[in-house]
1. For the range 175-190, indicate whether the set of residues that are closer than 26 Å to Gln122 by Cα, under 15 Å from the mean Cα position of the chain (by Cα) and crowded, with 23+ Cβ neighbours inside 10 Å is non-empty.
2. Filter the range 244-268 down to the residues that are buried (at least 18 other Cβ atoms within 10 Å of the Cβ) and aliphatic (A, V, I, L, M), then identify the one that is nearest to Glu13 (Cα to Cα).
3. So, Lys318, is that one under 23 Å from Arg26 (Cβ atoms) and without any contact (Cβ under 8 Å) to a residue 12 or more places away in the chain or not?
4. Of the residues Gly160, Gly166, Gly240, which is within 18 Å of Arg16 (Cα to Cα) and out of contact with any helix residue (DSSP H, G or I) (no Cβ under 7 Å at 6 or more places or on another chain)?
5. What number of residues within the range 115-151 are away from the ligand (no atom under 16 Å from the Cβ) and under 13 Å from Cys189 (Cα atoms)?
6. All but one of (1) modelled with pLDDT of 95 or more; (2) exposed (fewer than 14 other Cβ atoms within 10 Å of the Cβ); (3) over 22 Å from the mean Cα position of the chain (by Cα); (4) not charged (D, E, K, R) hold for Thr202; state the number of the condition that does not hold.
7. If I filter the range 38-54 for residues that are within 14 Å of the ligand (Cβ to nearest atom), closer than 25 Å to Glu192 by Cα and either basic (Lys, Arg) or touching an Asp or Glu at 6+ places or on another chain (Cβ under 8 Å) (or both), do I get at least one hit?
Amino acid sequence: MYQAAENRYENMEYKRCGRSGILLPRIALGLWQNFGLEKSLEEQQEILFHAFDLGINHFDLANNYGSPAIGKAEENFGLALKAGLGRYRDELIISTKAGYTMWPGPYGDWGSRKYLMASLDQSLKRMGLEYVDIFYHHRPDPETPLEETMGALADIVRQGKALYVGLSNYDEQEAKKAVDMLKDMGIQCLIEQPRYNMFERTAEDGLFKALWERGVGCICYSPLAQGALTDRYLHGVPEGSRAAKKESTIGGRYLTEDRIDKVRRLNEIAVRRGQTLAQMALSWVLREKAVTTVLIGASSVKQLDDNAACLKRLDFSKEELAEIDRILK
Ligand SMILES: NC(=O)c1ccc[n+]([C@@H]2O[C@H](COP(=O)([O-])OP(=O)(O)OC[C@H]3O[C@@H](n4cnc5c(N)ncnc54)[C@H](OP(=O)(O)O)[C@@H]3O)[C@@H](O)[C@H]2O)c1
């Protein structure tokens, strides 16, 4: 049975999530990849337990995480809870989501009340939980009336199946409408989850500002561009890396020649700062005042240690930020 490290809260930093009672760790761990059939349960649990020992008490899931993408990560996370992590349930923030294809037919996708309610019930069963801390709508649905989707989120909170709700992949305009609508229903949206990293900065165009003004927290996913913003691919594609996998989600998008050249130049700045490139990429995301947390993935305990150490150097000089901007142009 897993027993957590007694000093687990000593080195992590926690930041208030928007205008709410919740403090989130500045680094959270997501279970999108590495937590399905691709890794042994022992390896998965080693990573999850080590994360909690580091003070990473927020774990992010979705109905379609893990391989196969039909609840495997939730199932495996439920096993980790049973193996000891669950003793600390009241110290954990566990999130899940629905919004992408989960089951056949017209009710297993997008944003209907029917889908969201059924999917959350399935997620709770797979994880062996009575409630999640955060339930997200995973992506905006252009066809379902927003009133229906937000109404379902509000009712999920009222039913006690989620303590808070969040939005993911909503752009500035969509987020403004949804957050304001939830507010009219008496529910404060806790958090938005956009993609944000040095290569993908759309959130800077208005989303961050809108969230900040509305007191909504922000947790940025793929802060390492799935591993591209680390030293992992500086000398080709190593065996066992995400890019080496058959159904890789990273290749064409991040590992172009132009981007690898940028990564090399960014790496030089990181070295000067006394950080690894992964650490600098995370510190850079955390520099934004609207950002509560970076939501990382990790395939090893070593990566967790490397990433957690970004907190030792969060500050950037104006010159460093300008140099980074010039490289990224
Ligand atoms: N809401 C959404 O639509 C959405 C979409 C995507 C992700 N997410 C969430 O965000 C989480 C993180 O996404 P992500 O996995 O793309 O994040 P990421 O942190 O950008 O990438 C994680 C990957 O980078 C590599 N890595 C991590 N630390 C490293 C280090 N120190 N040195 C070298 N390589 C390192 C590992 O890949 P290797 O396997 O190569 O070791 C790891 O699996 C997901 O688990 C999920 O919870 C949400």
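1. Looking for residues that are closer than 26 Å to Gln122 by Cα, under 15 Å from the mean Cα position of the chain (by Cα) and crowded, with 23+ Cβ neighbours inside 10 Å, one finds at least one in the range 175-190, hence yes.
2. That would be Leu266.
3. Working: under 23 Å from Arg26 (Cβ atoms): yes; without any contact (Cβ under 8 Å) to a residue 12 or more places away in the chain: yes.
Yes; evaluated as a whole, the condition is true for this residue.
4. On inspection, the qualifying residue turns out to be Gly166.
5. 2
6. Only one criterion is unmet by Thr202, namely (3).
7. Yes, that holds for at least one residue.
Okay, residues lined up against (1) assigned to a loop (DSSP other than H, G, I, E, B); (2) closer than 27 Å to Ile47 by Cα; (3) in contact with a strand residue (DSSP E or B) (Cβ under 6 Å, 6 or more places away or on another chain); (4) of a type outside the set (Gly, Ala, Ser):
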residue	(1), (2), (3), (4)
Leu79	no, yes, no, yes
Asp90	no, yes, no, yes
Ser95	no, yes, yes, no
Tyr115	no, no, no, yes
Val165	no, yes, yes, yes
Gln173	no, no, no, yes
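The values are calculated or read from the model by the stated rules, or taken from the named source; none is laboratory data. This structure is a prediction, so every number in the text was calculated from the model and none was measured. Quick reminder, even Gly has a Cβ in these numbers, built from the backbone with ideal geometry, and neighbours come from all protein chains shown.
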